[in-house]
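The values are calculated or read from the model by the stated rules, or taken from the named source; none is laboratory data. Please read all numbers here as calculations on a predicted model, not as lab measurements. Don't worry about glycine lacking a Cβ; one is built from the backbone with ideal geometry, like all the others, and counts go over all protein chains shown.
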Amino acid sequence: MKTVADFWEDHCVECGEPVCFKSCPKFRRGAHGRCERVEMPGGGCARFREWGKLELLWHGRMASPAVAKRLNAWNARLEPIARLLQKVLRWIPFPYGRGPYGIFRSLRWRCVRHCSRLNGMPAKWRFAASSKSPVALVMEVRSAGGDVLLLNRVEIGADPEEVTVDLPRIEEGTLFSVRPADPVAEAEVVVAVNELYADEEPEVKCVAWDLDGVLWKGTLSEGDAVVSDGRVLDVIRALDARGVANSICSKNDEADAIAKLEELGIEELFVFPQINWGPKSESLKRLATEMNIGLDAIAFVDDREENRAEVRDRLPQVRVFAETELAALCACAMPSASAGLGSRRRMMYRDEMKRRKAAAAFGGDAEAFAAASGIKHELLSVEGGRADRCLELVQRTNQLNLTAHRYGREEFGRLLSEAECRAVHVWDRYGDYGVVGFVAWKGTRLVECCFSCRVAKRGVERKVLDEIAGGRRFSADVVETERNGPIREIVREWIDG
């Protein structure tokens, strides 16, 4: 498990520091020198005054529970000292935020960000509390731009109440807060748990390799007679066999590098290579876009610390490794690699590279290109390896997933036995997409409908729905998520109401 190592602080719902310190009639100076709208005397107790809230600004990095525990112990030792110094020296007119406690807060932020070295983002928020007097609390998540991403109300009573909410996709600078639903209410709450965490690492879908000093020994642009590294190639082939794609992220001349890869007989092992003289972080962003995967699904290997540091700093979601850390890379990628497809996944991506090149002539008209490419589909029974692939689709697809329900294997087996289910196999003149869709229905009720984004905007979804509908209208339990707008728009054509 990974967790957010950070510290919840007291704030005001109408926070306007430091101007409000002089203008607000509700101002109450705490031992830390700021307005104390929430007292936290210890033992998990939080006393909310009028307009009080607890607030956490996420710094963008995750930590192991052990690291979070050490940081909490460090904070418990030093915060009382910082508060005492602030109180003793309050007669000195320190600039806002630069008194002893302000300096401590700044150091704490830097320390937490430095110690939190794990990539990824929190997926869940767990909160547990009790109160002698009933009170309604609001759990809120706002983006760095101020947009409300999540709003959850919790009724708290004498018996401890625990709630776990799934978090939307967030970025560094996201603001989390807990406050009474009534801003003028006062409440004393015992907070047992208030943590943000992720259960496990996202699956690695692609490893991006540097060339000079990693994939081969020597520097191509300096005229060296480069020789491929056998250990690295063994890892690449092993990843490929497990369904993990391999790409290239290198500062080199693209034509020269591709020619050398072909000369070494290994060019076909890679998909969507990013070879240019720009920052590695920008290359990795393009790779994620071209493969239509998240940055948290990419691992990056480079022999130069400045390149690794640049990626860690700008793309904390990407898992970064040195060329000496191949064992750690394998431990990260191999166990979670997608079973079933193996090297076929690479071939599908390479087919997609051919399609992209051919599609460029159609000026972005996806439907015209789909017609020209002769795209076809067939509906197949869901059994054997196709059942595993369909389960993978419902667990992993987002933009083209009607319900976003993540089935376990047993629950998915019950769905297959209770509903009409079909796997969608797609191909065109450039190659075989494989099974890229799954639909399930009971009579005129559409239960599940999901497709891989690799067939997005190519008309497959509409053809499949038209075939299974047979002129009928469907009902469906559509679940609206942040990302599934495209499939909701398509399915609406077949849904009543």
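Here are some notes:
- For the residues E489, E482, the requirement of being exposed (fewer than 14 other Cβ atoms within 10 Å of the Cβ) and touching a residue at least 24 places away in the same chain (Cβ under 8 Å) singles out E482.
- Residues located in the stretch 291-317, provided they are in contact (Cβ under 8 Å) with a residue 60 or more places away in the chain and closer than 16 Å to W209 by Cβ: M291, A297, I298, A299, F300, V301, D302, D303, R304, N307
- Members of the stretch 373-423 that are buried (at least 16 other Cβ atoms within 10 Å of the Cβ), assigned to a loop (DSSP other than H, G, I, E, B) and in contact with a helix residue (DSSP H, G or I) (Cβ under 6 Å, 6 or more places away or on another chain): V382, Q399, L400, L402, Y407
- Where strands (runs of 3 or more DSSP E) fall wholly inside the stretch 42-160, no range has 2 or more residues that are modelled with pLDDT under 90, assigned by TED's automatic domain parsing to the domain that holds V311 and more than 27 Å from the chain's Cα centre (by Cα).
- Among residues of the stretch 248-267 being in a helix (DSSP H, G or I) and in contact with a helix residue (DSSP H, G or I) (Cβ under 7 Å, 6 or more places away or on another chain), the one that is surrounded by the most Cβ atoms within 10 Å (Cβ to Cβ) is A257.
- Filter result (surrounded by 20 or more Cβ atoms within 10 Å (Cβ to Cβ) and under 15 Å from H11 (Cα atoms)) within the stretch 168-186: F176, V178, R179, P180
- For the condition touching a helix residue (DSSP H, G or I) at 6+ places or on another chain (Cβ under 7 Å), closer than 30 Å to R386 by Cβ and assigned to a helix (DSSP H, G or I), F272 does not qualify.
- Tally, over the stretch 150-182, of residues that are free of Cβ contacts under 8 Å to residues at least 60 places away in the same chain and either of a type in the set (S, T, Y) or closer than 25 Å to A404 by Cβ (or both): 11
- Of all the listed residues (G230, G243, G294, G278), the sole one being at pLDDT below 90 and at negative phi is G294.
- Any hit, the stretch 255-265, residues being under 29 Å from the mean Cα position of the chain (by Cα) and more than 27 Å from E306 (Cβ to Cβ): no
- Count of residues meeting criterion [outside any loop (DSSP other than H, G, I, E, B), within 27 Å of A372 (Cα to Cα) and not small (G, A, S)] in the stretch 424-479: 26
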